[in-house]
1. Using θ = phi - 60° and the Karplus relation 6.51 cos²θ - 1.76 cosθ + 1.60, list the HN-Hα couplings for segment 76-90 in order, rounded to whole Hz, with x at every Gly or Pro.
2. Restricting to DSSP loop positions (anything but H, G, I, E, B) with no more than 14 other Cβ atoms inside 10 Å of their own Cβ, which trypsin sites (Lys or Arg not before Pro) remain in segment 48-116?
3. Quick check on segment 28-140: what are the equivalent-ellipsoid semi-axes from the Cα gyration tensor, as sqrt(5λ), descending, whole Å?
Amino acid sequence: MNDVLDVKARETRPQAQVQPPAFPQGYDLETRARNLKAVGWVSYLLHLAVALAAVIPGLQVGVAVLILAFVIDLVKRDDAKGTWQESHFSWRIRSVLWATFWYVVTSPLFLLLIVPGYLAWGIVSIWFLYRIVRGMVRMNDNRPVGA
């Protein structure tokens, strides 16, 4: 009999809801969306500079630019929770992590044969550039980006 009462008590309790991060008073959803989009564009442009430098011979962009963009995405990702922009932050983070993984995995090719090493890194670089451009196009349309 007590089991029935406990079940009914659980059913009537309100469920905890996920709340978006707290923002200052007067900070509405439209302002939040604009700010997140601005941060997203800054991050995408930093990623794009790195991706283009990886594909176009002679362009030099330091790894610090990529690290800066990556840190921006990590820090601001929680602010985007529950919005269509959340997928963009995750997209950029995953892109950097996967590209780094494939650069590390293919780096021994440079020790064995130079040409296959350049070929592998070229493929990874083109893939990274594709991911960044695809994300930018989707963000320009105010749409989430998916895997």
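1. 8, 4, 5, 5, 8, 3, x, 10, 5, 6, 4, 5, 5, 5, 5
2. Taking segment 48-116 and a limit of 14 other Cβ atoms within 10 Å, the loop trypsin sites (Lys or Arg not before Pro) found are 81.
3. Working: eigenvalues 180, 32, 25 Å².
Here the semi-axes work out to 30, 13, 11 Å.
Here, each number is a calculation from the coordinates, and none is a lab measurement. Here the structure is a predicted model, which means the values were calculated and not measured. Methodologically, a virtual Cβ is constructed for each residue, glycine included, from the backbone with ideal geometry; neighbour enumeration extends over all protein chains shown.
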